[in-house]
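The values are calculated or read from the model by the stated rules, or taken from the named source; none is laboratory data. Values in this document were obtained by computation on a predicted structure and should not be read as measured data. We place every Cβ from the backbone using ideal geometry, glycine too, and count neighbours over all the protein chains shown.
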Amino acid sequence: MVEQAISRTPPFRLWRAIIKASSGLLAFERLALMGLMYLLTALILVNVITRYSRLPLYWIDESAVYSVVWLTFIGASAMTRLRLDFAVTMLTEHLSARRQKIAKVISTAMVVVFGVILIVTCVLWMDPIGLARAGFDVRKFSGETFNFLYTERTQTLNWPTWVVYLTLPIFAVSITIHGLANLLEDLGLVPRTPPKGFELSELDGVN
């Protein structure tokens with residue numbers, strides 16, 4: 001009865017919602033990582049074949065670079081949830097178990113703070129409110145704010161650069177959600193959830 005009463009409290013529901021959101025996001029990131037790795041492999045193979053045939057496709061180089069960028073940020077977000085991010089334990093390994101737990105909580109909280117700061121930075125940079133005030137007229141927006149993000153295009157693909165840069169706000173939101181999920185687990189507010197779709201040994205985690 002007590003456990004049922006606790007599970008119905010609004011804070012616990014919010015905590016479970018964060019864990020569920022993190023798990024769903026991690027599952028999507030797993031699929032995205034596989035897709036990007038297949039895409040990157042295909043781009044490299046096509047690039048080799050076309051260059052060997054003396055019919056190079058110049059847009060493939062840029063496509064491969066952007067694939068690596070997206071792969072890096074999505075992978076970094078997934079590694080945060082899987083606790084595979086780097087950790088320096090030269091100091092904490094000499095602390096007591098209680099102080100190690102405190103240090104771990106502080107470290108995880110700093111990840112959340114970093115994610116929130118990055119979200120704010122991306123909002124100020126992309127300025128969606130200013131773009132809406134300009135009636136989504138990118139030329140008017142650039143003239144008023146001197147922010148040329150929405151008028152620039154990539155060199156060979158001729159894509160809008162803001163589409164490529166979307167990886168930054170996506171990464172900021174995802175790392176914040178994963179950081180909150182890890183923080184709730186480190187605080188003991190929710191049970192630790194094993195990742196699905198990732199086979200990790202006991203030696204894989206470093207944080």
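Only residues that are within 26 Å of Leu25 (Cα to Cα) and either more than 14 Å from the chain's Cα centre (by Cα) or among the hydroxyl-bearing types (Ser, Thr, Tyr) (or both) were counted in segment 78-99, giving 3.
Being closer than 25 Å to Leu180 by Cβ, within 27 Å of the chain's Cα centre (by Cα) and surrounded by fewer than 16 Cβ atoms within 10 Å (Cβ to Cβ) holds for only one residue in Ile102, Ile74, and it is Ile102.
Taking every residue in segment 29-40 that is within 16 Å of Phe171 (Cα to Cα) and pairing it with any residue that is at pLDDT below 95 and not in a helix (DSSP H, G or I), at least 6 positions away or on another chain, the pairs with Cβ-Cβ distances below 8 Å are Arg30/Gly197; Arg30/Phe198. Could you tell me whether segment 54-70 includes any residue that is within 23 Å of Pro194 (Cβ to Cβ), surrounded by fewer than 13 Cβ atoms within 10 Å (Cβ to Cβ) and at pLDDT below 90? No, that holds for no residue.
Taking segment 127-171 as the range and being of a type in the set (Lys, Arg) and either in contact with a Leu (Cβ under 6 Å, 6 or more places away or on another chain) or over 17 Å from Tyr66 (Cα atoms) (or both) as the test, the residues that pass are Arg133, Arg139, Lys140. When we screen Leu124, Leu168 for residues that are loosely packed, with under 12 Cβ neighbours inside 10 Å, modelled with pLDDT of 95 or more and of a type in the set (A, V, I, L, M), the only hit is Leu124.
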